[in-house]
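**Q** Next up is a structure, given as structure tokens.
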Amino acid sequence: MWMITYSEAIREAISLEMQRNEDVFLIGEDIGVYGGGFGVTEGLLAEFGADRVRDTPISESAIMGAAVGSALTGMRPILELQFSDFITIAMDQLVNQAAKLRYMHGGEGRVPLVLRAASGSGTGAAAQHSQSLEAWVAHIPGLKVVQPSTAFDAKGLLKAAIDDDNPVIFYEHKLLYKTEGEVPKEQYSIPLGKADIKREGTDITIVATSVMVQRALIAAAKLEREAINVEVLDPRTLVPLDEEAIIASVKKTGHLLVVHEAVKRGGFGGEIASIVAESRAFHSLRAPIKRLGGEAVPIPFSPELEKAAVPQVEDIVQSVQKMLGVKMTCI
Amino acid sequence: MEILPNLTNPELLHLYKKMWLIRHFDEKIDEFFRKGIMHGTTHLSIGQEATAVGACAVLTDEDKITSTHRGHGHAIAKGARVDKMMAEMFGKSTGYSKGKGGSMHFSDLEKGNLGSNGIVGGGIPIAVGAALTAKMKKQKDVTISFFGDGATNEGSFHEAVNLASIWKLPVIFFCENNQYGMSSPIDEMINIEHIAERAASYGIPGVIVDGNNLVEVMNATYEAAEHVRMGKGPILIEAKTYRWRGHSKSDKRKYRSREEERFWQTRDPIKQYEGYLINKGILTRETAKKIKLEVRQIMEAAVEFAKRSPKPSIEELYTDVYA
Ligand SMILES: Cc1ncc(C[n+]2csc(CCOP(=O)(O)OP(=O)(O)O)c2C)c(N)n1
Ligand SMILES: [Mg+2]
């Protein structure tokens, strides 16, 4: 074990895998000398050479398509699309091609690729560089969707994503890149579809994703001072989703708050809330389910407005207080 | 070299002033980022002032432009107020986007700036649409779409140029080839020598100009504007230039040499135009000094205005999502 950043953990998973497996290669804009849009691939060009760390023109559709085609024919590409907003330009190759080739071809062929991209707000990059569009891709049968919230998870989940025989979208959060955590030096895998209880509790379940896991943990620590015992559950992957873990947690606590950065309307939180509402945990609910998500606005530039556009620690604290307050007035 | 468009001496001096406004605006922004008092990121066009100013010199307020992530210069060249721009950079409510857009999203419809763009290649098809309006409404305005060398590898570029070519739309595709797209040297990213050669595959003229020579840029754009206004279809202009600073605020510039950077700095577009004006007897060293001083004062006032301006209210978060 050693303390490394989320960013370093991702680089390690890539590097160890490239050492082990000749079929794994990197493709994307500015991933070579520049080290990638956020410095994640720094040093990998020196380590593996330009044949396996392929700098491309600014051509997201071709990058995505080249990844699909090479994956279909025996390679295991990892592509970086810098800001996840740029996936929109690669959407045909991802959604109409990669996601359903195998199905359309009657089970023939596989598309083992990992699409890495940085998502989220908080850096002042404004409306076209700050979105959280994971619900779009989670909606598409054939794609898997991963959102690591810690350095440890990032490394293990990326290993699993590379090993997976399907297209996997791996969302990295810009605000998490510099966060540190204990990470084993050797390669390890965290299975896709296995949630992690980041903090055990008995009064309320907060299902949070990506950077919201960190905010939920801070909120939980604050609430502990008020003797409110919060459980923070991180699904880690939206597809496949560990429904059982969520249902079991809500059954235990009787309260569910879902928190994500993506716009609440049409966000993945609605899916999680519905799964619980349709499950045996429904009867354990002692208050209505609540969702916290981004406001239905593009991410603004102004730092004050940018903060106001997505859930903050204080919003989580207040929501929990309100939910448990509702319970008390009901009794 | 003779100047083709019919511009008066004061107008020619105004172009000189605009180049300094752009240079100084971006230098100020650079300073504020270094000091850590500015939020977000930015892309400076220091060293590229001749392309924006030269191309926009032949346009009226009715003519349109679309711009890029490196768009401060385009905005100023198209007539934007630097105080409102500075306020935007500080995220203030008096900024062009009420503080909601920042460095990459300036627009000024009154002056014909349809907007800078955070998406590489994003503005090119929009320019085609603006030219379509001109054609359908039988207006005389032209649209210039600015974009970088790197953007010409986006599908949006190729689709847009093709569409404009078959409909013969009044649009000028203006490529500011500053040699790099972020860290990628353009000569490693295309299999031809000049971006202008791409025009051939759409059956339109492709022109190469020295992008650091304002007069050359202006003349080429003037001729292009005449051509497209006559309904002869679009033109692609490739202006060879260089960005002096890093790609954005966090660039260590490992992909190019300091020597190369020094070489290009000897080809300063402002110095070149200054020399031209002095040679022609249009500008004296005295006047040059006065203009530079004036620009400095304008910028100081802009910074003052920006700093004094209020932040947007939280209610502003919800406005402007829909018309
Ligand atoms: C669709 C898209 N892909 C990638 C980026 C990231 N990016 C921003 S600017 C840039 C380089 C653009 O190069 P060029 O078009 O030559 O313009 P320059 O920056 O040199 O002015 C890149 C890759 C982006 N903003 N949008
Ligand atoms: Mg360029």
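The values are calculated or read from the model by the stated rules, or taken from the named source; none is laboratory data. Here the structure is a predicted model, which is why all the values come from computation and not from measurement. Ideal geometry is used to build each Cβ from the backbone, glycine not excepted, and the neighbour counts take in all protein chains shown.
**Q** What residue, among those in the stretch B:70-102 that are within 12 Å of ligand 1 (Cβ to nearest atom) and of a type outside the set (D, E, K, R), is farthest from the other protein chains (Cβ to nearest Cβ)?
**A** The extreme case among them is B:Gly73.
**Q** Return the residue satisfying two criteria in turn: it lies in the stretch A:117-136 and is of a type outside the set (Gly, Ala, Ser) and either assigned by TED's automatic domain parsing to the domain that holds A:Lys307 or buried (at least 23 other Cβ atoms within 10 Å of the Cβ) (or both), and of such residues it is nearest to the chain's Cα centre (by Cα). Full working, then the answer.
**A** So the first thing to find is which residues in the stretch A:117-136 are of a type outside the set (Gly, Ala, Ser), and the list is A:123, A:128-129, A:131, A:133-134, A:136.
Retained after the next criterion (residues that are either assigned by TED's automatic domain parsing to the domain that holds A:Lys307 or buried (at least 23 other Cβ atoms within 10 Å of the Cβ) (or both)): A:129, A:131, A:134.
Numbers: A:His129: 16, A:Gln131: 13, A:Glu134: 8 Å.
Across the stretch A:117-136, the extreme among qualifying residues is A:Glu134.
**Q** Within the stretch A:60-85, which residues are surrounded by 17 or more Cβ atoms within 10 Å (Cβ to Cβ) and part of a loop (DSSP other than H, G, I, E, B)?
**A** Across the stretch A:60-85, the qualifying residue is only A:Met75.
**Q** If I ask for residues that are surrounded by fewer than 20 Cβ atoms within 10 Å (Cβ to Cβ) and either within 16 Å of ligand 1 (Cβ to nearest atom) or without any contact (Cβ under 8 Å) to a residue 60 or more places away in the chain (or both), which ones from the stretch B:208-244 would you list?
**A** Once the filter is applied, which keeps residues that are surrounded by fewer than 20 Cβ atoms within 10 Å (Cβ to Cβ) and either within 16 Å of ligand 1 (Cβ to nearest atom) or without any contact (Cβ under 8 Å) to a residue 60 or more places away in the chain (or both), the stretch B:208-244 yields B:Ile208, B:Asp210, B:Glu226, B:His227, B:Met230, B:Trp244.
**Q** Now, a different point. Which is surrounded by fewer than 23 Cβ atoms within 10 Å (Cβ to Cβ), within 14 Å of another protein chain (Cβ to nearest Cβ) and either farther than 28 Å from A:Ile169 by Cα or without any contact (Cβ under 8 Å) to a residue 60 or more places away in the chain (or both), of A:Arg280, A:Arg286, A:Arg265, A:Arg291?
**A** On the way: A:Arg280 fails: within 14 Å of another protein chain (Cβ to nearest Cβ); A:Arg286 fails: within 14 Å of another protein chain (Cβ to nearest Cβ); A:Arg291 fails: within 14 Å of another protein chain (Cβ to nearest Cβ).
Checking each option against the conditions leaves just A:Arg265.
**Q** Being outside any loop (DSSP other than H, G, I, E, B), touching a residue at least 12 places away in the same chain (Cβ under 8 Å) and more than 8 Å from chain B (Cβ to nearest Cβ) is the filter here, so list the residues in the stretch A:26-59 that pass it. Please lay out each step first, then the result.
**A** Let us first name the residues in the stretch A:26-59 that are outside any loop (DSSP other than H, G, I, E, B), namely A:26-28, A:44-48, A:53-55.
Of the ones still in play, those that are also touching a residue at least 12 places away in the same chain (Cβ under 8 Å) are A:26-28, A:44-45, A:47-48, A:53-55.
Across the stretch A:26-59, the qualifying residues are A:Leu26, A:Ile27, A:Gly28, A:Leu44, A:Leu45, A:Glu47, A:Phe48, A:Val53, A:Arg54.
**Q** Read through the list (1) away from chain A (no Cβ under 14 Å); (2) of a type in the set (A, V, I, L, M, F, W, C); (3) away from ligand 1 (no atom under 16 Å from the Cβ), then give the number of the only condition that B:Ala50 fails.
**A** (3)
**Q** For the stretch B:147-194, how many residues meet the condition of being among the hydrophobic types (A, V, I, L, M, F, W, C), at the interface with another protein chain (Cβ under 10 Å from one of its Cβ atoms) and within 8 Å of ligand 1 (Cβ to nearest atom)? Spell out the reasoning first.
**A** Start the filter on the stretch B:147-194 by keeping residues that are among the hydrophobic types (A, V, I, L, M, F, W, C), which leaves B:147, B:151, B:157, B:160-161, B:163-164, B:166-167, B:169, B:171-175, B:182, B:186, B:189-190, B:192.
Now restrict to residues that are at the interface with another protein chain (Cβ under 10 Å from one of its Cβ atoms): B:151, B:157, B:182, B:186, B:189-190.
Okay, now just the ones that are also within 8 Å of ligand 1 (Cβ to nearest atom), so B:151, B:182, B:186.
Qualifying residue count for the region: 3.
**Q** Checking the conditions here, which among A:Ala117, A:Ala127 is modelled with pLDDT of 95 or more, within 13 Å of another protein chain (Cβ to nearest Cβ) and closer than 30 Å to B:Thr41 by Cα?
**A** On the way: A:Ala117 fails: within 13 Å of another protein chain (Cβ to nearest Cβ).
Result: A:Ala127 is the single residue among A:Ala117, A:Ala127 that is modelled with pLDDT of 95 or more, within 13 Å of another protein chain (Cβ to nearest Cβ) and closer than 30 Å to B:Thr41 by Cα.
**Q** Which count do you get for residues in the stretch B:142-192 that are away from ligand 2 (no atom under 16 Å from the Cβ) and of a type in the set (S, T, N, Q)?
**A** 4
**Q** What number of residues within the stretch B:279-323 satisfy the criterion of being within 14 Å of chain A (Cβ to nearest Cβ) and outside any loop (DSSP other than H, G, I, E, B)?
**A** Going through the stretch B:279-323 one residue at a time, the tally reaches 6.
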